[in-house]
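Peer 1: Would you mind keeping the following structure in view while I ask a few things?
The values are calculated or read from the model by the stated rules, or taken from the named source; none is laboratory data. Note that this is a predicted model, so its numbers are computed, not measured. No Cβ is skipped: glycine too gets one built from the backbone with ideal geometry, and neighbour counts run over all protein chains shown.
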Amino acid sequence: MKRIIYHLAIVMFFLTSCNKAELVNRPPTELIGSWEWIITYRGYAPGPMNPLTPQKAGNTEQIVFAEDFTWASFVNNIPQDSGTYGTGHGTYSPSQYTIYNYDSIRYYRNGEVIKGMVNYYKVQHDTLIFAGIFRGLYGSDSKLYVNNKDGN
């Protein structure tokens with residue numbers, strides 16, 4: 001019994017002595033990096049421009065998330081927008097039997113929230129998935145990026 005109390009005391013010490021500000025102020029590691037747009041599934045019937053790809057659109061897109069909470073977007077390697085970001089986590093429950101967990105990114109410019117700029121996301125292997133209301137799957141109204149390991 002003394003051994004159990006001793007181990008519980010050690011665990012409690014480590015849990016209470018962690019610097020919580022460090023944990024809150026660190027972005028998810030799987031999000032950090034350079035991401036190349038690969039496909040967008042639109043919310044209507046499939047056709048010549050649905051799904052949309054860089055080849056069909058005639059342009060490339062890239063988004064970069066840095067560990068210092070800065071982000072930048074590029075079209076055809078030309079800077080389009082940049083600022084800072086914050087991440088969050090929540091749940092969505094459309095019925096009493098279904099609960100979806102989601103992660104989100106909110107974008108800021110000069111310390112102000114960019115209106116309408118929030119992405120619900122999930123990282124699966126080397127793919128970043130953005131969706132309007134994220135339910136854990138990609139499909140209608142989702143945009144996929146692949147991790148660009150070279151950063152180019």
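Peer 1: Select from region 112-134 the residues that are under 15 Å from Trp35 (Cα atoms) and assigned to a loop (DSSP other than H, G, I, E, B) and list them in ascending order.
Peer 2: His125, Asp126
Peer 1: Tally time: how many residues in region 25-45 are modelled with pLDDT of 90 or more and assigned to a loop (DSSP other than H, G, I, E, B)?
Peer 2: Adding up the residues that qualify gives 1.
Peer 1: Where residues in region 73-116 are acidic (Asp, Glu) and surrounded by fewer than 15 Cβ atoms within 10 Å (Cβ to Cβ), which of them is farthest from Gly58 (Cα to Cα)?
Peer 2: Glu112
Peer 1: Output the strands (runs of 3 or more DSSP E) that fall wholly within region 67-111 and possess 1 or more residues being more than 13 Å from the chain's Cα centre (by Cα), at pLDDT below 90 and closer than 20 Å to Glu30 by Cβ, or say none.
Peer 2: In region 67-111, the matching strands (runs of 3 or more DSSP E) lie at 78-95, 98-109.
Peer 1: For region 125-133, check the following and say yes or no: at least one residue is modelled with pLDDT under 80, of a type in the set (Val, Ile, Thr) and either within 11 Å of the chain's Cα centre (by Cα) or loosely packed, with under 13 Cβ neighbours inside 10 Å (or both).
Peer 2: Scanning region 125-133 turns up at least one residue that is modelled with pLDDT under 80, of a type in the set (Val, Ile, Thr) and either within 11 Å of the chain's Cα centre (by Cα) or loosely packed, with under 13 Cβ neighbours inside 10 Å (or both).
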